[in-house]
Amino acid sequence: MELLMPGLGLLAGLAALAGSATTLLSARAVARLAATPPVAGPALPASILKPLHGAPPGLGSALASTLAQAHAAPFEVLFAVRDPADPAAAVAEATMAAAPGVAARLLRDPRLHGPNRKVSQLMNLEGAARHPVLVVADADMQVPPHWLAAVTAPLADPAVGLVTCLYRGEPADGGLWSRLAALWIDWQFLPNAALGEAMGRANGCYGATMALRAETLARIGGFAALADLLADDHALGAAVRRLGLRVVVAPVLPGHVQAEPGPGVLARHELRWARTLRSLDPPGYAGMGVTFPLAWGALAALLTPWGWLALPVAFGARLTLAIRVDRALRRGLSPGRLMLLPLRDGLSFAIWAVGLARGTVTWQGRRFRMRPDGSMVEA
């Protein structure tokens, strides 16, 4: 054991140093993405498809931001609920009433087409859309006025088959768990994804926003082709690429509103994401371990005396990333926010470690297990 500890400490220290370098590159990628101007192009008529489920804090504001788009072409917003008594229906109706000049409808459709209930709602909305461009948008997205123009303009190029975008975290309230959830997006997901896209290795399709032409969707079999899959966004992007079309990441960063009432809900949400990613790319998921330099630095410090040299390097890199990302997102310097960095990184590392093992995921109160082909069944 005495011989093993220095060896493990050395590995942890090297992981901390490698992760620190990756962290600094990720911070640079976010800054570049935030500074990139949107693609110029003609405004395209579009139908925004918004499946709804429940009424978490911030839903009304998020829906209102979708209706408030500054778009030069006609557009409509289609909301959908499966249960007529879903409280989201009342929120959507109130939001539409406050914006009478915007074409918007609420569909109440109980039909269920597969275990993925979001895709079931998209299938119900698909036939109701009036415009040639479809934009799938999660209910909890707080979007800027130019969001619709930014994610549809690239589709004027016939070689582009789908447009998606990354996003920032926005806590719905001042609670600790909502703030931690938003920090995971800002300081973990966004930097890693931005670096992957900058390197041309991410091949991402981010389900919070996906825009494509209706005829492209028809060529891949419609939303019905995704009804049994957990990672429907990844599958949609892969299907579009198989058609020989490009998937473009638009340089717009809407806010993903996070409303987490407690640690259990937060852990289930993040573990679902982790296990979904692991199922898509097990080696890549394992390699994500290097993106937690602070955890490796702490481990190195515990195992060997010289490991204390790696810990401040890792902490400095992570702090630099947090400050640079917040500056790129125009958040300003917040000491209270930065003080959550060690807790957030420790929690992220724990979720990643648990996600290395196979297990079930929880979505909308139901537990699912995934088959090797990516389909899911209730556990």
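Working ranking of peptides 19-29, 244-254 by packing, defined as the average number of other Cβ atoms within 10 Å per residue, highest first, is 19-29, 244-254. What the phi angles of the stretch 92-102 give under the Karplus curve with 6.51, -1.76 and 1.60, with θ = phi - 60°, is a coupling list of 5, 5, 5, 5, 5, 5, 7, 10, x, x, 9 Hz, glycine and proline written as x. Computed from Cα positions, the angle between helix 341-355 and the longest principal axis of the chain comes to roughly 80 degrees. The packing ranking, built from the mean of other Cβ atoms within 10 Å per residue, places the peptides 141-150, 257-266 in the order 141-150, 257-266, highest first. Taking Cα atoms only, the orientation of helix 232-242 departs from the longest principal axis of the chain by about 80 degrees. Every Cα-Cα pair of the stretch 302-379 was included, and the share exceeding 20 Å stands at 57 percent.
So which trypsin sites (Lys or Arg not before Pro) in the stretch 147-240 are both in a DSSP loop and have at most 13 other Cβ atoms within 10 Å of their Cβ?
Here the trypsin sites (Lys or Arg not before Pro) that fit, given the DSSP loop and packing criteria, are ARG201.
For the stretch 223-356, rounded, prolate or oblate, judged on the Cα gyration tensor with a ≥ b ≥ c (square roots of eigenvalues), a/c < 1.5 rounded, else prolate if a/b > b/c? Prolate, because a/c is 1.5 or more and a/b exceeds b/c. Relative to the longest principal axis of the Cα atoms of the chain, the long axis of helix 117-126 lies at roughly 30 degrees. Can you tell me how the stretch 1-89 classifies by the Cα gyration tensor, rounded, prolate or oblate, using a/c under 1.5 as the rounded cut? Oblate.
Oblate is the label for the stretch 41-130. Its Cα gyration tensor axes, ordered a ≥ b ≥ c, give a/c of at least 1.5 and b/c at or above a/b.
In order along the stretch 107-116, phi translates into HN-Hα couplings of 9, 9, 9, x, 5, 10, 10, x, x, 7 Hz, rounded to whole numbers, per the Karplus curve 6.51 cos²θ - 1.76 cosθ + 1.60 with θ = phi - 60° and x for Gly and Pro.
Please go through the stretch 100-131 and write out the trypsin sites (Lys or Arg not before Pro) that DSSP classes as loop and that have at most 11 other C-beta atoms within 10 Å. Sites meeting the loop and neighbour criteria: ARG111. In the stretch 144-299, the inverse of the mean reciprocal separation of distinct Cα atoms equals 17.0 Å; this is its Kirkwood hydrodynamic radius. Sparsely packed loop sites in the stretch 284-379 (the trypsin sites (Lys or Arg not before Pro) outside DSSP H, G, I, E and B with at most 12 other Cβ atoms within 10 Å) comprise ARG330, ARG358.
No value in this document is a laboratory result; all are computed from the given coordinates. This structure is a prediction, so every number in the text was calculated from the model and none was measured. All Cβ positions, glycine included, derive from the backbone under ideal geometry; neighbour counts span all protein chains shown.
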